[in-house]
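Accompanying notes for the structure given below.
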Amino acid sequence: FMQLQTQTLTIHNDGQVPCQFKFINKLEETSFCRDWLNVSPPKGFLLEGADLEINLEVFVNKSTATQLNLGDEKIEDILILHLDRGKDFFVAISGNYCPSCFGTSLPALCYMKEPIQDMPAETIREMCLRPLQLNEFSDLEEKPLDIPKEIWMMVDHLYRNSSQQEDLFQQPGLRSEFEEIRDCLDTGMLDTLPGSTHSVAEALLLFLEALPEPVVCYSFYQECLDCCTNLQAAQQIICRLPQCHQNVFKYLTAFLRELLGNASRNNLDEHMLGSLFGGLLLRPPPSSPKPDIMAKKKAQDFIKLFLVMEQDLH
């Protein structure tokens, strides 16, 4: 997840004339390659006897991780290299994707007592496909965790080490440190997370952004915007969330209130945290248009209810 892998493909024109080439779509496909693959350049011109290197880049992000974790998608593709007035060449692409907690649903992670990379692919798939609303468990079924252990590790690390950290969530982390944090969460190799606090904070944001179903489920999005100034109505919506989503929402907002309690040292305020986490915890359904300024403001106000008004009640 979020780790670039690059290979080069060299093409050589051994003909007697210049030629044009381009990668073309396979039948009934809208793109010539999978979403996790980037090919550069996708077309070009070769003089006779000339060579050209083509970069093949594999990069899995929030848009493609979930299907790879499920096993519905694999790092496999066949590119069709078409020569103008010539024949087609087929280029096979293959690789192995390591399942990651990034891009895995909250309910599935709550069922995983072990690190995700210690689990068979079939078990990961079964846990990911369990019904979202399943809050009751038979006597034979093991009770899931209240919140994913990965969220607990990141938030606990920040709580213990960074509550007074200046500019938390406002400075980027290091890519190399993110990869170490991701591997730690996915393999369970270390008891404590590596990297700087800024890298752990960024990992938490990337984790929330990559969730296939946000902490506040898509189906509640519009209701939340409609009651963004009414704490009681907002609390009732949170109580209707599936249990693990509800637990994570309460856990995260309690952590954010703790950060605000140290505002004089960390320079955080409810407007910044509301804006940042409003866009992560509360996202419109994928089929909806991108939120406009008004919708973003309402999402921010909804989260701020739990940061300010709840704090006043404690």
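Could you give the accessible area per residue of region 10-85, probe 1.4 Å, as a whole number in Å²? Spell out each step's value before the answer.
Working: 4640 Å² over 76 residues.
It amounts to 61 Å² per residue over region 10-85.
With the cut-off at 24 Å, tell me which of the pairs 43/87; 113/250; 113/296; 74/149; 149/290 have Cα atoms farther apart than that.
113/296; 74/149; 149/290
Just to check I understand the Karplus step: with θ = phi - 60° and J = 6.51 cos²θ - 1.76 cosθ + 1.60, what whole-Hz values come out for region 104-118, glycine and proline as x?
With the stated coefficients, region 104-118 comes to 9, 5, 4, x, 4, 5, 5, 7, 8, 7, 9, x, 4, 7, 8 Hz.
Can you put 204, 4 in order of accessible area, largest first, using a 1.4 Å probe? Please report the intermediate quantities before stating the final value.
On the way: 204 0, 4 90 Å².
Greatest to least solvent exposure: 4, 204.
Per residue of region 91-102, in order, report the coupling 6.51 cos²θ - 1.76 cosθ + 1.60 (Karplus, θ = phi - 60°) as ³J(HN,Hα) in whole Hz, putting x for Gly and Pro.
Ordered by residue, 3J(HN,Hα) equals 10, 8, 10, 8, x, 10, 9, 7, x, 9, 5, 6 Hz.
Can you list the HN-Hα couplings for region 5-14, worked out from phi with the Karplus curve (6.51, -1.76, 1.60; θ = phi - 60°), rounded to whole Hz and with x for Gly and Pro?
Using θ = phi - 60°, the values come out as 10, 10, 10, 10, 10, 9, 10, 10, 8, 9 Hz.
By the scheme Lys and Arg +1, Asp and Glu -1, what is the net charge of all other residues having a beta-carbon under 12 Å from that of residue 174? Provide the component values of the computation, followed by the final result.
Working: positive: 175; negative: 177, 179, 180, 202.
Summing Lys/Arg as +1 and Asp/Glu as -1 gives -3.
Among [x] 194; [y] 169; [z] 160, which one is volume of the Cα convex hull per residue in Å³ computed from these coordinates?
[y]
Please report, ordered by residue number, every helix of the chain (full DSSP H runs) that is 24 Å or longer along its axis going by C-alpha atoms and whose mean Kyte-Doolittle hydropathy reaches 0.5.
Numbers: long enough: 243-260 (26 Å, 0.09).
Membrane-span-like by this criterion, though nothing is claimed about a membrane: none.
Which value, in Å² and to the nearest 10, is the accessible area of residue 226 when all protein chains are kept and the probe is 1.4 Å?
Solvent-accessible area, nearest 10 Å²: 110 Å².
What is the sum of charges, Lys and Arg at +1 and Asp and Glu at -1, for the other residues whose Cβ falls under 15 Å from the Cβ of residue 155?
-1
Arrange the peptides 288-294, 188-194 so that the one whose residues have, on average, the most other Cβ atoms within 10 Å appears first.
188-194, 288-294
Report, by chain and number, residues whose modeled amide H sits under 5 Å from the one on residue 97, excluding near sequence neighbours (fewer than 5 apart, same chain).
The list, which skips near neighbours in sequence, is 75.
Cβ under 14 Å from residue 11's Cβ, residue 11 left aside: what net charge do those residues give with Lys, Arg +1 and Asp, Glu -1?
So the environment of residue 11 carries a net charge of -3.
For the chain, which whole-number percentage of the solvent-accessible area (1.4 Å probe, protein heavy atoms only) is attributable to carbon and sulfur atoms? Write down the numbers at each step before the final one.
Numbers: 8440 of 16710 Å².
C and S atoms contribute 51 percent here.
The values are calculated or read from the model by the stated rules, or taken from the named source; none is laboratory data. Here the structure is a predicted model, which means the values were calculated and not measured. Cβ sites come from the backbone with ideal geometry, for glycine too, and all protein chains shown count toward neighbours. Side chains are part of the model used for accessible areas, which takes the heavy atoms of the whole protein and leaves out ligands, DNA and RNA. Shrake-Rupley method; radii C 1.70, N 1.55, O 1.52, S 1.80 Å.
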